[in-house]
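Below is one structure, written out as structure tokens, with a few remarks after it.
The values are calculated or read from the model by the stated rules, or taken from the named source; none is laboratory data. Just so we're clear, the structure is a prediction, and the values are computed from it rather than from any experiment. Virtual Cβ from ideal backbone geometry, glycine too; neighbours counted across all protein chains shown.
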Amino acid sequence: MFDNLSERFDKVLKGLSGKGRITDENIQKTLRQVRMALLEADVALSVVKDFITKVKYRALGKEVKSSLSPGQAFIKIVQSELVVAMGAANESLDLNAQPPAVILMAGLQGAGKTTSSAKLAKYLMEREKKSVALVSADVYRPAAIEQLKKVTEEVGATFISSSTDQKPLDIVKAAIKQAKKEFSDVLIIDTAGRLAIDDDMMSEIKAIHKLANPAETLFVVDSMTGQDAANTAKAFDEALPLTGVILTKADGDARGGAALSIRNITGKPIKFMGMGEKLDALEPFHPERIASRILGMGDVLSLIEDVERNVDKKKAEKLAKKVMKGKGFDLEDFREQLVQMKSMGGMSGMMDKLPGMGNVPKAAKDQMNDKMTNRMEAIINSMTPKEKSFPEIIKGSRKRRIASGSGTDIQEVNKMLKQFKQMQKMMKKLKGKGGMMKMMRGMQGMMPPGGGMPRM
């Protein structure tokens, strides 16, 4: 996420970070480079101008020049202004309404409204402990209702039936009545999208909004459309009283233009961002954490939350006790770690949140993908219990059998065994004084050639 922007910022700010003295001249030069980085990231020109003006005002003042480490002070200003541009803090949903609290989903066709509706339902059910019902008022797009039904069933929410023979207003009226009858806390209404903004579309959604009186009206927009996303959001906001934005496909957005432009242009907060196709891949949007990611500082808080939410604590404690007692870390333990990693968004999702990832070459990052994790798991699954416990017995004929059973080749089996040995060494370092720091340094060996964790 935001790889291109992070890379540019890393190059621009690295030159200032170690300087003991900062002059007006090198601040002006750096700001020109920051401006270019933001424009290349497809951030709206008005947002870039405002951002540069604010950073320049603060950078040329006492805040930087009187600092003992002026380079770091300048980077801190850039970070805080990035946070301000994106909305200062996360704004949660306001569902303080008589049940069912209605959430109206609006946006263009293809933005990801239907999937985001199911993701939001899952989020509310798991983290807010709400009972959620969903209904589709999209009677135009072929299979739209069926698509919502499928994803609603996948997340375990209540699906309220509708059909293309009905009028959207009748669908909404009946859905509210049914959601009340079934004591649903929240009703999410998935509305029709169009390929472009048109008067008919706006008239229909205005009428639905008036009837449903939603607690939240969320605009769903594809982050990969850059500043166009902000302009479309503005057009919708002029027709509807939007309360927030869901930014979809943020995991594939290497630029960041939408995230940095929407709040400034519309005045509406980004409340969530979609970070993948899976139905649990929806994250609350925290501007301060995103700013840290952009500047290569990682997002440790989100990573900790992922661990808290997804890691099986009993299994983790059992493994920790096993390692501390000096009992070996075997291939079954390694497989369990791969499974836990997948539940936290996979290797790529974790890497995005680790500090220093801006220093890892793109080619190295691309190698550490979820396909690699799945193949490693398949290799271990093709082993016998004895092989998992005593990997040293895995030689020629056994490797050929394992490769054949997992649909891989001997080279991949060797590679997996090598990474397992590196992990085994790291686990041994957990014993004794300073174990965790030793283990983190050892993680460098887990990275592909040319990559590496930042030195600690």
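Would you check if residue 45 is modelled with pLDDT under 75, not β-branched (Val, Ile, Thr) and not assigned by TED's automatic domain parsing to the domain that holds residue 287? Steps first, please.
Details: modelled with pLDDT under 75: no; not β-branched (Val, Ile, Thr): yes; not assigned by TED's automatic domain parsing to the domain that holds residue 287: yes.
So residue 45 does not fit the description; no.
List the helices (runs of 4 or more DSSP H) inside the range 345-456, counting only whole elements, that have at least 2 residues being at pLDDT 55 or above.
Values: elements: 346-351, 362-367, 370-381, 385-389, 396-406, 410-429, 435-442.
Once the helices (runs of 4 or more DSSP H) in the range 345-456 are filtered for at least 2 residues that are at pLDDT 55 or above, what remains is 346-351, 370-381, 385-389, 396-406, 410-429.
Could you go through the range 164-175 and let me know if any residue there is under 27 Å from the mean Cα position of the chain (by Cα) and at pLDDT 95 or above. Outline the logic, then answer.
Our first condition is that a residue be under 27 Å from the mean Cα position of the chain (by Cα); within the range 164-175, this holds for none.
No: the range 164-175 contains no residue that is under 27 Å from the mean Cα position of the chain (by Cα) and at pLDDT 95 or above.
Quick check on the range 216-226. Is at least one of its residues within 12 Å of residue 105 (Cα to Cα) and among the aromatic types (Phe, Trp, Tyr)?
Going residue by residue through the range 216-226, those that are within 12 Å of residue 105 (Cα to Cα) are 216-221.
Those still in the list that are among the aromatic types (Phe, Trp, Tyr) too: 219.
Looking for residues that are within 12 Å of residue 105 (Cα to Cα) and among the aromatic types (Phe, Trp, Tyr), one finds at least one in the range 216-226, hence yes.
Buried (at least 24 other Cβ atoms within 10 Å of the Cβ), farther than 27 Å from residue 280 by Cβ and of a type in the set (Val, Ile, Thr): does that describe residue 220? Give the steps one after another, and end with the answer.
Numbers: buried (at least 24 other Cβ atoms within 10 Å of the Cβ): yes; farther than 27 Å from residue 280 by Cβ: no; of a type in the set (Val, Ile, Thr): yes.
Here the answer is no, as residue 220 does not meet what is asked.
Helices (runs of 4 or more DSSP H) wholly in the range 199-267 with at least 3 residues that are within 21 Å of residue 37 (Cβ to Cβ) - which ones?
Numbers: elements: 199-212, 227-239, 257-266.
Once the helices (runs of 4 or more DSSP H) in the range 199-267 are filtered for at least 3 residues that are within 21 Å of residue 37 (Cβ to Cβ), what remains is 227-239, 257-266.
Hey, residue 250 hits all of (1) crowded, with 23+ Cβ neighbours inside 10 Å; (2) of a type outside the set (D, E, K, R); (3) under 26 Å from residue 142 (Cα atoms) but one; which does it fall short on?
(3)
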